[in-house]
Amino acid sequence: AQGRVAEESATKIIGVDGRPALTVQSKVTVRGLRLEGGVVVAGGNGWVIEGCSITNSAGDGVVVRDGTGEVRGCSVSECGGHGIAIEGSSNVTVERCKTVRNRKRGVHVAPTATGRVLDCELDVPFITRWDTTRRSADMWHSGNHIRLPLEEGGTYNFMVEWGDGASE
(Lines give C-alpha, C1' and ligand atoms only; values in the text may rest on other atoms or scores of the structure.)
Protein backbone atom coordinates (compact mmCIF):
# COMPACT_ATOMS: atom_id res chain seq x y z
CA ALA A 1 0.00 0.00 0.00
CA GLN A 2 1.10 3.55 -0.64
CA GLY A 3 3.42 5.03 1.99
CA ARG A 4 3.56 1.90 4.11
CA VAL A 5 6.63 0.37 5.68
CA ALA A 6 7.29 -3.37 5.45
CA GLU A 7 9.73 -4.18 8.21
CA GLU A 8 10.53 -7.40 9.97
CA SER A 9 14.08 -8.44 10.77
CA ALA A 10 13.24 -12.15 11.14
CA THR A 11 11.04 -12.47 8.05
CA LYS A 12 12.26 -14.52 5.11
CA ILE A 13 10.27 -14.28 1.88
CA ILE A 14 10.88 -16.87 -0.82
CA GLY A 15 9.84 -16.56 -4.47
CA VAL A 16 8.11 -19.65 -5.92
CA ASP A 17 8.38 -21.16 -9.42
CA GLY A 18 10.96 -18.63 -10.61
CA ARG A 19 8.87 -15.61 -9.59
CA PRO A 20 10.41 -12.76 -7.57
CA ALA A 21 10.05 -12.80 -3.80
CA LEU A 22 8.71 -9.23 -3.84
CA THR A 23 7.18 -6.86 -6.39
CA VAL A 24 7.06 -3.12 -5.63
CA GLN A 25 4.61 -0.91 -7.56
CA SER A 26 4.08 2.14 -5.35
CA LYS A 27 5.61 4.42 -2.74
CA VAL A 28 6.63 1.95 -0.04
CA THR A 29 9.61 1.35 2.24
CA VAL A 30 10.85 -2.23 2.47
CA ARG A 31 13.30 -2.61 5.33
CA GLY A 32 15.30 -5.46 6.87
CA LEU A 33 13.80 -8.39 4.96
CA ARG A 34 15.57 -11.54 3.80
CA LEU A 35 14.41 -12.17 0.25
CA GLU A 36 15.16 -15.28 -1.79
CA GLY A 37 14.16 -14.91 -5.40
CA GLY A 38 14.76 -11.22 -6.07
CA VAL A 39 12.86 -7.95 -6.10
CA VAL A 40 11.10 -6.35 -9.07
CA VAL A 41 10.22 -2.66 -8.98
CA ALA A 42 7.56 -2.23 -11.64
CA GLY A 43 6.87 1.46 -11.16
CA GLY A 44 6.14 4.17 -8.67
CA ASN A 45 8.10 7.02 -7.19
CA GLY A 46 9.56 7.45 -3.73
CA TRP A 47 10.03 3.77 -2.91
CA VAL A 48 12.94 2.61 -0.71
CA ILE A 49 14.50 -0.84 -0.33
CA GLU A 50 16.76 -0.67 2.73
CA GLY A 51 18.84 -3.10 4.79
CA CYS A 52 17.58 -6.17 2.93
CA SER A 53 19.44 -9.37 2.11
CA ILE A 54 18.56 -10.50 -1.42
CA THR A 55 19.80 -13.90 -2.58
CA ASN A 56 19.31 -16.72 -5.06
CA SER A 57 17.34 -14.96 -7.78
CA ALA A 58 17.31 -16.81 -11.09
CA GLY A 59 17.72 -13.42 -12.80
CA ASP A 60 18.71 -10.01 -11.41
CA GLY A 61 18.66 -9.64 -7.62
CA VAL A 62 16.91 -6.26 -7.82
CA VAL A 63 15.51 -5.10 -11.15
CA VAL A 64 13.98 -1.65 -11.46
CA ARG A 65 11.89 -1.53 -14.62
CA ASP A 66 10.53 1.95 -14.06
CA GLY A 67 10.24 4.48 -11.25
CA THR A 68 12.26 6.66 -8.92
CA GLY A 69 13.64 5.40 -5.63
CA GLU A 70 16.55 4.16 -3.55
CA VAL A 71 18.28 0.90 -2.78
CA ARG A 72 20.47 1.37 0.30
CA GLY A 73 22.36 -0.78 2.76
CA CYS A 74 21.39 -4.01 0.99
CA SER A 75 23.43 -7.11 0.21
CA VAL A 76 22.72 -8.88 -3.06
CA SER A 77 24.35 -12.24 -3.74
CA GLU A 78 24.17 -15.55 -5.61
CA CYS A 79 21.92 -14.22 -8.39
CA GLY A 80 21.83 -15.47 -11.98
CA GLY A 81 21.93 -11.97 -13.48
CA HIS A 82 23.10 -8.58 -12.27
CA GLY A 83 23.05 -7.81 -8.56
CA ILE A 84 21.06 -4.62 -9.25
CA ALA A 85 19.72 -3.71 -12.72
CA ILE A 86 18.27 -0.27 -13.47
CA GLU A 87 16.23 -0.24 -16.68
CA GLY A 88 13.70 1.81 -18.63
CA SER A 89 13.40 5.45 -17.64
CA SER A 90 14.19 4.70 -13.99
CA ASN A 91 16.02 7.12 -11.72
CA VAL A 92 17.64 5.18 -8.87
CA THR A 93 20.22 5.83 -6.16
CA VAL A 94 22.16 2.76 -4.98
CA GLU A 95 23.98 3.55 -1.74
CA ARG A 96 26.07 1.50 0.72
CA CYS A 97 25.17 -1.79 -0.98
CA LYS A 98 27.30 -4.89 -1.36
CA THR A 99 27.06 -7.25 -4.33
CA VAL A 100 28.91 -10.57 -4.35
CA ARG A 101 28.88 -13.77 -6.37
CA ASN A 102 26.30 -12.63 -8.90
CA ARG A 103 26.67 -13.98 -12.43
CA LYS A 104 26.83 -10.54 -14.08
CA ARG A 105 27.74 -7.00 -12.95
CA GLY A 106 27.19 -5.76 -9.43
CA VAL A 107 25.16 -2.78 -10.73
CA HIS A 108 24.01 -2.33 -14.31
CA VAL A 109 22.45 0.93 -15.53
CA ALA A 110 20.76 0.81 -18.95
CA PRO A 111 21.48 3.71 -21.32
CA THR A 112 17.89 4.95 -20.96
CA ALA A 113 18.04 5.01 -17.13
CA THR A 114 19.72 7.23 -14.55
CA GLY A 115 21.67 5.59 -11.75
CA ARG A 116 23.82 6.93 -8.94
CA VAL A 117 26.10 4.41 -7.23
CA LEU A 118 27.51 5.71 -3.95
CA ASP A 119 29.83 4.01 -1.44
CA CYS A 120 29.14 0.45 -2.64
CA GLU A 121 31.22 -2.74 -2.60
CA LEU A 122 30.92 -4.36 -6.02
CA ASP A 123 32.73 -7.60 -6.83
CA VAL A 124 32.09 -7.01 -10.54
CA PRO A 125 32.71 -3.46 -11.78
CA PHE A 126 29.95 -0.93 -12.35
CA ILE A 127 29.85 -0.26 -16.09
CA THR A 128 27.74 2.23 -17.98
CA ARG A 129 27.76 3.08 -21.68
CA TRP A 130 26.85 6.42 -23.22
CA ASP A 131 25.91 7.28 -26.79
CA THR A 132 27.43 10.75 -27.08
CA THR A 133 26.38 11.11 -30.72
CA ARG A 134 22.74 11.35 -29.70
CA ARG A 135 21.40 14.79 -28.79
CA SER A 136 19.71 14.99 -25.40
CA ALA A 137 18.16 17.79 -23.40
CA ASP A 138 19.04 16.21 -20.07
CA MET A 139 21.91 17.36 -17.92
CA TRP A 140 23.99 14.17 -18.15
CA HIS A 141 24.84 14.00 -21.83
CA SER A 142 24.43 16.21 -24.83
CA GLY A 143 26.31 16.46 -28.07
CA ASN A 144 29.69 14.79 -27.93
CA HIS A 145 30.31 14.87 -24.17
CA ILE A 146 29.01 13.64 -20.81
CA ARG A 147 29.04 15.09 -17.32
CA LEU A 148 29.49 12.75 -14.36
CA PRO A 149 27.71 13.61 -11.10
CA LEU A 150 30.86 13.54 -8.96
CA GLU A 151 30.88 14.91 -5.44
CA GLU A 152 33.50 17.46 -4.43
CA GLY A 153 36.04 15.78 -2.16
CA GLY A 154 34.87 12.30 -3.22
CA THR A 155 37.28 9.45 -3.94
CA TYR A 156 36.90 7.86 -7.37
CA ASN A 157 38.65 5.05 -9.20
CA PHE A 158 37.43 4.72 -12.77
CA MET A 159 38.57 4.33 -16.33
CA VAL A 160 37.04 5.91 -19.43
CA GLU A 161 37.24 3.90 -22.65
CA TRP A 162 36.51 6.29 -25.49
CA GLY A 163 35.48 3.67 -28.04
CA ASP A 164 38.35 4.40 -30.43
CA GLY A 165 40.88 2.27 -28.54
CA ALA A 166 41.99 5.17 -26.29
CA SER A 167 41.36 5.09 -22.55
CA GLU A 168 42.36 7.14 -19.53
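Within the range 149-168, find all residues whose amide N lies under 20 Å from a label point positioned 7 Å from the Cα of GLU121 along Cα-to-beta-carbon. Backbone N within reach: 155-158. Seen from CYS97, the other residues with C-beta closer than 11 Å to its C-beta sum to a net charge of -2, counting Lys and Arg as +1 and Asp and Glu as -1.
Please work out how much length the chain gains when fully extended from ILE14 to ALA42, using 0.36 nm per residue of separation minus the C-alpha to C-alpha distance, in nm with one decimal.
Values: separation 28, 0.36 × 28 = 10.08 nm, distance 1.85 nm.
This chain segment gains 8.2 nm when fully extended.
Using the Cα gyration tensor of the range 58-114, with a ≥ b ≥ c the square roots of its eigenvalues, what is the shape: rounded (a/c below 1.5), prolate (a/b larger than b/c) or oblate (neither)?
On the way: a/c = 2.22, a/b = 1.38, b/c = 1.61.
It is oblate, given that a/c is not under 1.5 and a/b is not larger than b/c.
Put ARG19, ARG31 in order of accessible area, highest first, and with a 1.4 Å probe you get ARG19, ARG31.
The values are calculated or read from the model by the stated rules, or taken from the named source; none is laboratory data. In this text the structure is predicted, and so the values were computed from the model without any measurement. Using ideal geometry, Cβ is built from the backbone for each residue, glycine included, and neighbour counts are taken over all protein chains shown. Accessible surface areas use protein heavy atoms only, side chains included; no ligands, DNA or RNA. Shrake-Rupley method; radii C 1.70, N 1.55, O 1.52, S 1.80 Å.
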